[in-house]
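The values are calculated or read from the model by the stated rules, or taken from the named source; none is laboratory data. Note that this is a predicted model, so its numbers are computed, not measured. Every residue, glycine as well, gets a Cβ built from its backbone with ideal geometry; the counts of neighbours run over all protein chains shown. These area figures cover heavy atoms from the full protein model, side chains too; ligands, DNA and RNA do not enter into them. Shrake-Rupley method; radii C 1.70, N 1.55, O 1.52, S 1.80 Å.
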Amino acid sequence: MKKVLAVALSFALLFTVAVPVFASSLSLNLADNGTTMYKIVISENATETEVTAANTLADYLNQITDAVFPVVKDTEAEGDFEIVVGVTNRENDNPVDRSELGEEGVRIFTEGKKLFLTGGKQRGAIYSVYTFLEEFLGCRWFTKSVPITPEIGDCIVIPETEELVIDAIDYTYVPPFRLRQTYWMFSTMYQDYSVAHKLHGMMAGIPENMGGIPVESCINGVHTMGWIITQDMFAAHPEYFGMDENGIRQPNRQPCLSNPEVLEIVVEAAKAHFAQYTSIFSVSQNDNQNFCQCSECVAFNNAHGGVESASMLNFTNKVAKAIKEEYPDRMVETLAYQLTETPPTGLTIEDNVVIRLCPIQTCVLHDLDDPSCPDNKEFDTNLTGWANMTENIYIWDYSTNFQYIYAFFLNITTLQGRYQYFRDRNVVSVFDHGCGEDIIPAELHELRTYLVSKLLWDPDTDIEKHIREFCDAYYGEASDDIIDFIYYFEDAIKGYNAASFSTCHITCYDGGESLENHSSLTEIDIAKLNGFVESAKSKNLTNDNKKHHEGFELSWRFFKNATWAGEFNWFFGWNDPAAESEKLYNDMKEYGVMYLAEAWGLYFREEDPNFLVYPTFWYHSEVDLPMTVKIQAEIYPVINKIARVLFAIPQFFINLF
């Protein structure tokens with residue numbers, strides 16, 4: 001028998017213990033013993049999204065209560081017991097003020113025995129439905145099963161109850177970010193999951209009947225100059241391409257932005273885009289740092305702060321001006337990325353230009369406004385500079401280690417401060433770049449995806465509650481151990497690294513020697529963390545829990561391997577690091593891991609790896625190894641042999657007795 005479930009405005013965790021309550025005069029009894037007096041009402045002229053919202057609500061309410069909630073048009077006679085979805089004639093006497101709700105604001109309220117789920121005209125209705133299901137009824141969409149691991153089921157919570165009673169509600173929320181996207185090849189590639197978390201899709205591609213894609217989206221991607229000025233043009237037009245320091249134009253360089261024909265080609269591409277789409281058009285640099293060094297480009301940059309962003313912004317401004325007369329309401333975007341991150345001087349930004357700032361060199365161990373973190377301090381200065389020039393600031397953020405996808409990326413406890421920082425600086429849009437490639441989830445990939453989704457919608461959300469709820473569902477009885485591991489790990493690693501004589505800073509590109517040099521974990525810390533992992537393993541876990549924990553443990557072992565810690569420490573006589581590396585390698589392959597770095601930069605091959613070096617260099621030839629790594633590969637095994645002999649001597653005498 002289903003338990004009786006009552007839901008108050010204060011909202012408790014409904015999938016723990018539910019206590020029956022008596023309905024007050026202000027309460028709405030939505031269902032009782034598999035029946036309901038309520039109908040779901042939509043407009044006779046309901047939008048596709050409002051129809052989807054109503055049907056989604058009916059489906060979930062049926063799953064929760066077993067009651068059938070019919071969906072009807074507002075042309076039916078008005079009744080007392082109605083759940084009103086979207087804009088309808090039920091508002092005629094008391095219309096909802098949508099002036100501050102934008103396209104996506106949520107408005108949920110009760111009036112008599114009616115429940116209204118409405119909001120902004122584009123996506124307010126469907127977001128109100130999902131907000132009601134989550135915040136007031138306790139539904140949770142933690143993860144969806146991904147094709148690469150079909151044996152692992154969805155991790156979704158839908159409470160069940162015989163009696164569904166809600167108290168009076170008066171709830172309004174407008175999200176601070178107008179565009180919210182993630183780039184993970186996990187749950188967010190599913191449309192229903194993305195809409196439940198109020199994401200605008202990237203992998204999913206949200207159809208019109210689920211809210212569609214906002215005009216703030218940029219569907220032609222980034223690093224677009226290489227798609228417009230293609231290398232096959234070089235033979236006929238080498239002048240389109242950048243010049244190197246020796247005065248030679250090369251096809252692999254950025255385009256020459258002072259060439260008027262390059263501008264004409266890009267303007268025509270923008271107009272062709274806007275003839276089909278209302279979304280933003282990206283005019284963005286290629287993903288390299290080979291900018292044109294011709295006299296015109298260099299002179300312009302030198303006149304405006306000596307930064308490459310000067311030519312890039314000037315070029316983008318010209319494109320924006322050229323399309324404005326024909327397409328006055330369309331926007332053009334460019335990147336502030338790597339060498340173009342620093343804003344130029346003496347230039348303005350056209351009002352139809354978007355600056356997408358990319359904090360790719362920032363540290364995830366510290367807050368972005370932490371003055372003690374040099375990289376973050378520089379980014380903060382750059383963001384302030386751009387914000388003084390325009391209100392159209394978008395962020396392309398990063399939340400994985402592209403060099404080591406399966407090594408722990410230490411941002412779980414600093415994520416919230418990052419999104420609050422963006423919100424407080426009036427950022428319009430945040431795009432979270434995780435691993436958008438087809439990998440098997442392990443590490444904390446799915447937890448991070450879930451938390452980012454929550455923070456994109458509400459940077460002030462209770463992040464600790466979300467961590468707890470996710471881990472309880474995903475890791476089962478091992479939840480406490482995993483949570484203790486996360487908090488201990490991320491706190492302990494922020495210290496001082498004696499080997500590199502520096503405070504630790506972690507970025508999204510720390511592989512090879514870099515990760516070891518930016519970890520302050522001691523062997524005491526490693527032992528403590530190992531204890532959490534072993535304790536978790538000993539718990540009574542479901543098959544899915546076990547698979548999730550196995551991926552977690554593999555990522556922990558990989559982190560230790562990448563930093564020569566724990567059982568991979570060459571200086572301990574009881575260790576055989578090369579043998580442990582080989583065992584880890586085989587275990588990861590058996591788990592389903594195919595590659596370890598972005599864009600197959602490090603993947604499992606037929607040839608045997610060199611387990612005497614960091615994973616980054618497993619398949620490198622000896623001549624390609626950095627000198628420090630080459631020296632380590634020669635010296636560390638010798639040190640380990642000596643240590644093992646020294647350890648074996650007292651061990652021999654101990655065994656005698």
Query raised in the report: Quick one: what pairs do we get from the range 537-562, first residue outside any helix (DSSP H, G or I), second among the aliphatic types (A, V, I, L, M), C-beta under 8 Å, 6+ apart or different chains?
Result: Lys539/Ala478; Leu541/Ala478
Query raised in the report: So how many residues does the range 444-490 have that are open to solvent by 10 Å² or more (accessible area, probe 1.4 Å), within 25 Å of Tyr130 (Cβ to Cβ) and out of contact with any Ser or Thr (no Cβ under 8 Å at 6 or more places or on another chain)?
Result: 9
Report summary line: In the range 223-264, residues that are open to solvent by less than 50 Å² (accessible area, probe 1.4 Å), assigned to a helix (DSSP H, G or I) and aromatic (Phe, Trp, Tyr) total 1
Query raised in the report: Of all residues in the range 153-187, how many are surrounded by fewer than 19 Cβ atoms within 10 Å (Cβ to Cβ), out of contact with any Gly (no Cβ under 9 Å at 6 or more places or on another chain) and part of a loop (DSSP other than H, G, I, E, B)?
Result: 5
**Report entry** Some residue of the range 505-518 being more than 28 Å from the chain's Cα centre (by Cα) and modelled with pLDDT under 95
**Finding:** no
Query raised in the report: Can you tell which of Asp375, Asp351 is farther than 21 Å from Thr390 by Cβ and not hydroxyl-bearing (Ser, Thr, Tyr)?
Result: Asp375
Report task. Could you tell me whether any residue of the range 226-236 is within 19 Å of Val283 (Cα to Cα) and touching a Pro at 6+ places or on another chain (Cβ under 6 Å)? Result -> yes
Report summary line: The condition of being among the aromatic types (Phe, Trp, Tyr), under 22 Å from Pro214 (Cα atoms), open to solvent by 10 Å² or more (accessible area, probe 1.4 Å) and at pLDDT below 95 holds, among Tyr327, Tyr277, only for Tyr277
**Report entry** the range 82-137, subset buried (at least 23 other Cβ atoms within 10 Å of the Cβ) and acidic (Asp, Glu), residue modelled with the lowest pLDDT
**Finding:** Glu104
